[in-house]
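The block underneath contains the structure these notes are about, expressed in structure tokens.
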Amino acid sequence: MNEGTFLIEMGNKIKKARKAAKVSFPMLSKATGMNVSSLWFVENGLRNAHILTLKSIADCLGKDVKDFL
């Protein structure tokens with residue numbers, strides 16, 4: 001799997017978990033300390049996320065980082 005495909009799949013998993021948890025972009029942004037546009041880029045596979053950012057997102061959504069990989 002190439003890097004672009006990996007990032008898209010990871011972003012889709014984050015988006016699915018966020019929607020299942022009924023968490024909005026602004027809510028997740030505030031909880032993680034990320035700005036909304038950065039979060040949007042990660043969810044759409046257009047930006048790589050630092051592992052600690054993924055941990056923060058996972059913690060906010062009640063998931064484990066491995067759920068997004």
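General remarks:
- The share of accessible area on the chain that comes from carbon and sulfur is 57 percent, using a 1.4 angstrom probe.
- Relative to the longest principal axis of the Cα atoms of the chain, the long axis of helix 51-61 lies at roughly 50 degrees.
- Put simply, the convex hull of the Cα atoms in the chain casts, on average, a shadow of 3.9 nm².
- Accessible surface for the stretch 20-62, divided over its residues, is 59 Å² per residue with a 1.4 Å probe.
- Remark: relative contact order (the chain) = 43 percent; criterion is Cα-Cα distance under 8 angstrom and separation of 6 or more residues.
- Residue by residue, the stretch 24-37 carries 3J(HN,Hα) couplings of 7, 4, x, 5, 5, 4, 5, 5, 9, x, 8, 7, 4, 5 Hz when phi is fed to the Karplus relation 6.51 cos²θ - 1.76 cosθ + 1.60 (θ = phi - 60°); x denotes Gly or Pro.
The values are calculated or read from the model by the stated rules, or taken from the named source; none is laboratory data. Here the structure is a predicted model, which is why all the values come from computation and not from measurement. Ligands, DNA and RNA are excluded from the accessible area calculation, which covers all protein heavy atoms including side chains. Shrake-Rupley method; radii C 1.70, N 1.55, O 1.52, S 1.80 Å.
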